[in-house]
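Heads up: the structure comes next, in structure tokens.
Any read-out appearing in this document is the output of simple, stated calculations on the displayed coordinates, not a laboratory observation. All values reported here derive from a predicted model rather than from experimental measurement. Cβ coordinates were reconstructed from backbone atoms using ideal geometry, including for glycine residues, and neighbour counts include every protein chain displayed.
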Amino acid sequence: MPELPEVETIRRQLAGKIIGKKLEGKKITGVRRRAKVLMIDFSDGSSLIFHFKLTGQLIFNGEPSKHTRHIFKFGDGSRLIFNDARKFGWWKELKNTQDLEMSFGPEALEISGKEFQSRLQKRPNAKIKPLLMDQKFIAGIGNIYSDEILFAAKVHPLRRVKTLNDKEIKLIHQNIKKILTRAIQRRGTTEQSYRDAYGRAGEYAKHLEVYRREGEKCYRCGGKIKRLKIRGRSAHYCPNCQSL
């Protein structure tokens, strides 16, 4: 599923292409992202909302395929192709996005260290990996980047918040911003279906340190990367670097 870096990549690319165009007679005034949701704003105050879920793609001036669910045609003849092989993704128009935006926690790229620590203190018994993926706790992090953030901070994914010391909390916070920023710079991670707004695969997969590397050598210590299940989701980690 596209996470913050992938959706932010698409947002930045589309902002440079479609702002000022007309879609169904309405002028586009902005392209925004909230958590993993993309929002195209119109001059009348309404917004077109996209959630990519597992396999959604939004390609500017792309060619339709068997997985195309909708074609959005602009007044100048250009178009957006919405592909979705698994058909879990969605789009809808909202007159106001306030309720949607308020349903998420603070943005992962914007949260301060003080606020991050304060929010953690309210969830002492939570396991850190699922908590980082909880969009009401912090917005934008999913399975891929929670693994990478915790590896960089040397924190086991099953650690409970109350066992984390101040140094570990600081490292997690620092690596949230560092890793998400690096992933955006490389246009996100393509595991299978993700493509940017130009139909290209992201380049961050080659920089992943633990995600989907089960059985391979840890780049840091040479040990073997392991995988475990947490609430039906996989967590990849190095047992030597991330002790429980």
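Observations on the structure shown:
- Convex hull volume per residue, computed on the Cα atoms of the chain, equals 122 Å³.
- Taking a ≥ b ≥ c as the square roots of the Cα gyration tensor eigenvalues, region 4-102 comes out oblate, since a/c reaches at least 1.5 and a/b does not exceed b/c.
- Dipole of region 4-102, positive end: most advanced residue of H67, F88, F50 [Cβ charges, Cα centre]: H67
- Within region 1-133: Cβ-based charge dipole about Cα centre, in debye rounded to nearest 20 (Lys, Arg +1; Asp, Glu -1): 280 debye
- Above-threshold pairs, the threshold being 31 Å between Cα atoms, out of K26/K53; K87/K170; K21/K114; K206/K229; K136/K167; K73/K206: K87/K170; K21/K114; K73/K206
- E216/D99 FRET efficiency (R0 51 Å; Cβ-Cβ; nearest 0.05): 0.70
- Neighbour-limited loop hits for GluC sites (Glu not before Pro), region 1-68 (at most 11 other Cβ within 10 Å; DSSP other than H, G, I, E, B): E24
- Per the Debye calculation on region 113-237 with a single equal scatterer at every Cα and no solvent contribution, log₁₀ I(q)/I(0) for q = 0.13, 0.17, 0.22 Å⁻¹ amounts to -0.53, -0.89, -1.38.
- Scoring 224-234, 78-88, 106-116 by mean Cβ neighbours within 10 Å over their residues and listing the highest first yields 78-88, 106-116, 224-234.
- Dipole magnitude for the chain: computed about the Cα centre from +1 point charges on Lys and Arg Cβ and -1 point charges on Asp and Glu Cβ, it is near 640 debye.
- For peptides 142-148, 183-189, sequence by mean Cβ density within 10 Å, most packed first: 142-148, 183-189
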